Amino acid sequence: MTPFELAEPKSLKEAVGLLDADDPTIRPIAGGTALMLMMKAGVFRPSKLVSLGGIKELRSIAIANGELKVGATTPLAVLEHSDEVRNHAPVITRTLRTLSNIRVRNVATVGGALAHADPHMDLPPVLIALGARVVVQGKKGERTIPIADLFAGYYETVLAKDELIASLIVPAQNGRRAAYLKCTTRAVHDWPALGVAVSLATEGNGIKDVSIVVSAATETPRRLAGAEKAAQGASDEAGWRRAGEAAAEEAELITDAQGSAAYKKQLVRVHVARALRAALGAE
Amino acid sequence: MRPARGHDGISVMATRTIGSGQVGRSVPRLEGAAKVTGRADYVHNLRLPKMLIGKIFRSTVAHGRIKSIDVSAAKALPGVYRVVTIDDIKAVIPHPFYGPAFHDQPILADGKVHYVGEPVAVVLATDPHIAEEAASLIEADYDELPAVFDEIEAMTSKAVVHDELKPAGTFPDLKHLKGKKDTNIALDFHLRRGDTKKAFAEAEHVFEHTFRSQQVLHVPLEPFVSVAELTETGLTIHTASQSPSFVRIEIARLLGWPENKVRVKVPYLGGGFGAKLYIKLEALVAALALLVQRPVKISLTMEEQFYTLTKHAATFRIKSAVKNGKVTGRDCEVWWNGGAYADIGPRITQKSGFTAPGPYDIENVSIDSYSLYTNLTPAGALRGFGIPQLVWAYESHTDMMARSLKLDPVDFRRNNILRDGRAQATGTAMKDAAIEAVLDRLALRMNMKAPFDRGTGTLKKGRGIAVGFKASISPTTSIAIVNIAADGSVTLYCSTVDMGQGSDTANAQFVAEILNVPAESVKVVHPDTDVTPYDMATLGSRSLYHMGNAVRLAAEDAKAKLAALAREVGVPEGSNVPVAELFQKKYKMQAGNIIGTGSYIPNYVPPDANGLTPDATPFWMVGGTGVEVEVDTETGHVKVTKMINVADVGRPVNPRIVETQLSGAATMQFGFTMQEKIEFDGGQITNASFADYKIPSIVDIPRTMQNEAVESEQGTGPFGAKGVGESGTFGVSPAIANAIEDACGVRLTELPLTAEKIYRALRTAQGKPLED
């Protein structure tokens, strides 16, 4: 690691002002769990880091108008233990318990977990399934981006280099049920080889209006429209398996150190069906 | 001994003390409090005045001639003290090649590079960040040469790793090494006993299988670290080493100095597992300190460990003749992937190689074991010294034969087991090796004869066992000194390295037992070659036996001298006059010492031209594992729900430490079985980080793990004890593969046993193979 400048702004506006749209060596840093590893490995050599740790306005959890609003630098552990979060979307609480480890969750932040855009992260697919969005602050003002539209590619978002995620908003779930299944192949605590998040409403015994999102095995977390269509009305094992089959056909899977694309296709097939079953059995 | 169940599913071993109650007692580790309160000494914490930090620039090609090394940008970086290449090293060490078997490894690459990651240059600076930045500015240009990576290809490859072979001749058991010029064979070991041709001709069944184990890493939590400083009398090396005496002798040889000018000090180690043996960074820091006349420290990163030493990958072709349920003949061919430098690979090839037929009574045996150079990170000792690679093959093979012959796997083993008095493959008669007892206890505790729930739907259950054995390395020497001070307090000087295995505590228990003092009161002086006497090394589970015997002899010597002192000052034999009073009577004040010394080297007969010897080893280690597994047949995921490890450790000196040695060894091998693998792409490691190389954590290991030492006594061991550090590794891999086949009918022959491999095998078995 080589020396760099560390800025510690006290407000979001000041922080945005310290960033530069054209200079990739200037980066914001929050929990640092990903960025520090990249710096130690020499993959990223900053000229300036803008620490978001001193910005009090970014650390909050609140319910407003039936929506859950979380400030971007709220640590994942705070989210994990929040009653508001558990009451609003228990799938987030359950997911956080399996996300990395306690030490990482104590410092990693919600905004970082989205802005880093590593497709192996656990929260993005869940938040996409829940229909969540982020509020983004730039030099010219604010904009809102659905998380489903946030990821542009492998480790890439649609954010400009001088924009910061200010908050996350998870809409009211109105009795929808959700589940996230994380499938690892090298160790229990590994990054997932596949993540599957589903959120659904039911009608009678059947599934109505479902979101199915896969991550980790794909370049970015993706909703699978074909699988969602196949899952409509499904009410039994055969129906969930049909959805799994459709998802396996639809997902564009990557071969990597965690498994071949052919194997991941089987994992998608199995885990989409299991996730639907889990969601229907969940509270 | 029947263990009781502990609170966490781990069995607790019963206490069996003797005599004064020090041996056989679960003495808490002497260093425990210092370690948990962060007060224990490690080389990583050492800082010396004017110390420079070295950062290594490494090769990016697997095999090539160095055309040029451009260090100008590195030199120009402000804060850089010096950039060093082999040409500079030669100014202080003209022949800068080291190694325990061959003097084949240069301190920095000399003319050629032999693997990706080989040290080529070093930057010295007071600031490690500057040194690191400067190292990244060095550029080397290579003429790439054809490279060889696979151990089988290395047998016949046109790519030859070394142009010249340089046998070391250091150790008595490796004096025969020559290497084969213009090949990649560092050592070929052959054993012929009986007539295998006839056995195969007369067999009812012949089975032949080939197994492979992969390269894995030791992963001590303390990576390699060494510091060298010049003193008025020579050179002091502070190093995280398992072999301080070897380091002293080898550095003295490189410098052409007498041994007493080189001082090697080793505090605690944060794990070693066989990685920190012989020379690693010590020759480099020694040369650098001499070159710049300042203390030099090099501490590797976790990632750099991948470029220092791995476990041997191995391919093992095993072929057995069976008649009337008896194995009558066995052919073993083993190819060990030694990497670019021999390190201790030749010894593994021979000493582990001769146990390749397994713990079975087989009349006709043939073994061919090859130590091969390849263009990969050098391979060396790793907890088990080649044995886990062998047991993986022969115990998978045993189960496959039993299954095919429709024989019970326990009965088939018992029918062929090697019993005391019978000759092992080398011709050495087995003694004090409780192989059958380990098998019996394992079968009993696994309830192998009882019906078993095989699971339902897509979740299938199975169980499996495996038993392996190992011969202790021979001949090796240990020396110990016991010092009784005038107040009766006792200090032990020995060069055994406590790297977490509890050797300080065990050695203190031996001294305490003989001198009748509490083990907690014995001070153990850590290796310091100016102070502590010679020891071959802390490796291969040899220390408890060899150093234990030396310590026992030293303590007995001190006790005899104490008795002589009592006689001299007129105290009648058997009186309980305090030791301090004896000194007082003789020296008229609190003064004087009693020095007891002990030296131990076991008998050994080198193998003859057929690989046969009547005395191959001073003792045998035996270990077995049984597991129950659940296989998710939709994904191939395996969960080991229960693991039982049983071993013959002789008499347990410290039952609690014996148990943690067994569970620790089994856990380590569990990682090598299920998840760990160094991935190579054209000689380049692609997962040299712990984000991608996954060692097991608490959530990966079996929820229930029970460990047991069978009733046993090593006649020649100190108080009946023998080594225990590796026995827990032996049976783990084949037991799990055997249980997987038992659960879902597929057999894997290549480690690790990943979910994808199992799922693919299931699909292939269904006639619907998964595309690549």
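The values are calculated or read from the model by the stated rules, or taken from the named source; none is laboratory data. None of the values given here were measured: they were computed from a predicted structure. Counting neighbours? That spans all protein chains shown, and the Cβs are built from the backbone with ideal geometry, glycine included. Just so you know, the surface numbers come from the protein's heavy atoms only, side chains and all, with ligands and any DNA or RNA stripped out. Shrake-Rupley method; radii C 1.70, N 1.55, O 1.52, S 1.80 Å.
Just one of B:MET668, B:MET674 is more than 10 Å from chain A (Cβ to nearest Cβ) and crowded, with 19+ Cβ neighbours inside 10 Å; which is it?
That would be B:MET668, the only listed residue that is more than 10 Å from chain A (Cβ to nearest Cβ) and crowded, with 19+ Cβ neighbours inside 10 Å.
Assuming B:ILE66 fulfils every condition listed in (1) assigned to a strand (DSSP E or B); (2) open to solvent by 40 Å² or more (accessible area, probe 1.4 Å) apart from one, which condition is it?
(2)
Just to be sure before I move on: is B:LEU177 under 30 Å from B:VAL36 (Cβ atoms), in contact (Cβ under 8 Å) with a residue 40 or more places away in the chain and in a loop (DSSP other than H, G, I, E, B) in the structure I sent?
Answer is no for this residue.
Just to be sure, is A:SER82 open to solvent by less than 60 Å² (accessible area, probe 1.4 Å) and touching a helix residue (DSSP H, G or I) at 6+ places or on another chain (Cβ under 9 Å)?
Here the answer is yes, as A:SER82 does meet what is asked.
Tell me which residues, restricted to region B:422-462, are open to solvent by 30 Å² or more (accessible area, probe 1.4 Å) and assigned to a strand (DSSP E or B).
Within region B:422-462, B:ALA429, B:THR456, B:LEU459, B:LYS460, B:LYS461 meet the criteria.
Identify the single condition in (1) hydrophobic (A, V, I, L, M, F, W, C); (2) in contact (Cβ under 8 Å) with a residue 40 or more places away in the chain; (3) outside any strand (DSSP E or B); (4) open to solvent by less than 20 Å² (accessible area, probe 1.4 Å) that A:TRP191 does not satisfy, given that it satisfies every other one.
Unmet for A:TRP191, out of (1) hydrophobic (A, V, I, L, M, F, W, C); (2) in contact (Cβ under 8 Å) with a residue 40 or more places away in the chain; (3) outside any strand (DSSP E or B); (4) open to solvent by less than 20 Å² (accessible area, probe 1.4 Å): (4).
I'm trying to understand the selection: among the residues of region A:65-101, which are among the charged types (D, E, K, R) and assigned to a helix (DSSP H, G or I)?
A:GLU80, A:ASP83, A:GLU84, A:ARG86, A:ARG94, A:ARG97
Considering (1) among the hydroxyl-bearing types (Ser, Thr, Tyr); (2) away from every other protein chain (no Cβ under 14 Å); (3) in contact with a helix residue (DSSP H, G or I) (Cβ under 8 Å, 6 or more places away or on another chain), say which one A:TYR154 fails and leave the rest.
(3)
Kindly evaluate B:ASP742 against the criterion of being within 14 Å of chain A (Cβ to nearest Cβ) and either free of Cβ contacts under 8 Å to residues at least 12 places away in the same chain or at negative phi (or both).
No; evaluated as a whole, the condition is false for this residue.
Which pairs have Cβ atoms under 6 Å, sit 6 or more apart or on different chains, and link a residue in region B:601-617 that is farther than 19 Å from B:PHE469 by Cα to one that is open to solvent by 50 Å² or more (accessible area, probe 1.4 Å)?
Sorted first by the residue in region B:601-617, then by its partner, the pairs are B:VAL605/B:PRO614; B:ASN610/B:ARG192.
Residue under question is A:GLU219, and the condition is that it be in a helix (DSSP H, G or I) and either open to solvent by 40 Å² or more (accessible area, probe 1.4 Å) or more than 12 Å from chain B (Cβ to nearest Cβ) (or both); does it hold?
No, not satisfied.
Report yes if some residue within region B:706-729 is more than 14 Å from chain A (Cβ to nearest Cβ) and closer than 20 Å to B:LYS677 by Cβ; otherwise report no.
yes
Restrict the check to region B:203-213 and report whether at least one residue is away from every other protein chain (no Cβ under 14 Å), among the acidic types (Asp, Glu), loosely packed, with under 15 Cβ neighbours inside 10 Å and more than 20 Å from B:ALA340 (Cα to Cα).
Yes: one or more hits.
Kindly indicate the residue of region A:114-127 that is hydrophobic (A, V, I, L, M, F, W, C) and open to solvent by less than 10 Å² (accessible area, probe 1.4 Å) and also nearest to A:GLY153 (Cα to Cα) among those meeting that condition.
That would be A:ALA117.
What single numbered condition from (1) open to solvent by 40 Å² or more (accessible area, probe 1.4 Å); (2) aliphatic (A, V, I, L, M); (3) within 14 Å of chain B (Cβ to nearest Cβ) fails to hold for A:ALA225?
Here A:ALA225 clears every test but (3).
Which one of A:ILE207, A:ILE169 is open to solvent by 10 Å² or more (accessible area, probe 1.4 Å) and β-branched (Val, Ile, Thr)?
Among A:ILE207, A:ILE169, only A:ILE169 is open to solvent by 10 Å² or more (accessible area, probe 1.4 Å) and β-branched (Val, Ile, Thr).
If you go through region A:246-283 one residue at a time, how many are part of a helix (DSSP H, G or I) and either among the basic types (Lys, Arg) or within 26 Å of A:ARG94 (Cα to Cα) (or both)?
20
I need every pair where a residue in region A:101-121 that is more than 11 Å from A:ALA34 (Cα to Cα) has its Cβ under 6 Å from the Cβ of a residue that is open to solvent by 50 Å² or more (accessible area, probe 1.4 Å) and of a type outside the set (S, T, N, Q), sequence separation at least 6 or different chains.
A:HIS120/A:TRP191
Please go through region B:236-254 and give me each residue that is of a type in the set (A, V, I, L, M) and farther than 18 Å from B:HIS44 by Cβ, ordered by number.
B:ILE249, B:ILE251, B:ALA252, B:LEU254, listed by residue number.
Which pairs turn up if I take residues in region B:320-344 that are under 15 Å from B:ILE367 (Cβ atoms) and look for partners that are modelled with pLDDT under 95 with beta carbon separation below 7 Å, at least 6 apart in sequence or on another chain?
B:VAL334/B:GLY353; B:TRP336/B:GLY345; B:TRP336/B:ILE348; B:TRP336/B:THR349
Take A:ARG241 and tell me if it is among the basic types (Lys, Arg) and within 19 Å of A:LEU130 (Cα to Cα).
It is false that A:ARG241 is among the basic types (Lys, Arg) and within 19 Å of A:LEU130 (Cα to Cα).
Filter region A:256-273 down to the residues that are facing another protein chain (nearest Cβ under 9 Å), open to solvent by 40 Å² or more (accessible area, probe 1.4 Å) and closer than 24 Å to A:HIS189 by Cβ and list them by number.
A:ALA257
Being under 30 Å from B:GLY548 (Cα atoms) and touching a strand residue (DSSP E or B) at 6+ places or on another chain (Cβ under 9 Å): is that true of B:THR660 here?
Here the answer is yes, as B:THR660 does meet what is asked.
I'd like the full set of residues that are under 18 Å from B:PHE583 (Cα atoms) and open to solvent by less than 10 Å² (accessible area, probe 1.4 Å), limited to region B:545-564.
B:ALA555, B:ALA558
Would you check if there is a residue in region B:576-598 being at pLDDT 95 or above, within 28 Å of the chain's Cα centre (by Cα) and open to solvent by less than 40 Å² (accessible area, probe 1.4 Å)?
Checked region B:576-598: at least one residue is at pLDDT 95 or above, within 28 Å of the chain's Cα centre (by Cα) and open to solvent by less than 40 Å² (accessible area, probe 1.4 Å).
State all residues of region A:29-46 that are within 14 Å of chain B (Cβ to nearest Cβ) and in a loop (DSSP other than H, G, I, E, B); if no residue qualifies, say none.
Selection gives A:THR33, A:ALA34, A:ALA41, A:GLY42, A:VAL43, A:PHE44, A:ARG45, A:PRO46.
When the residues of region A:13-26 are filtered to those that are outside any helix (DSSP H, G or I) and touching a residue at least 60 places away in the same chain (Cβ under 8 Å), which remaining residue is farthest from the other protein chains (Cβ to nearest Cβ)?
Among those that are outside any helix (DSSP H, G or I) and touching a residue at least 60 places away in the same chain (Cβ under 8 Å), it is A:ALA21.
Can you tell me which of (1) in a loop (DSSP other than H, G, I, E, B); (2) within 18 Å of A:ALA216 (Cβ to Cβ) is the one A:VAL126 doesn't meet?
(1)
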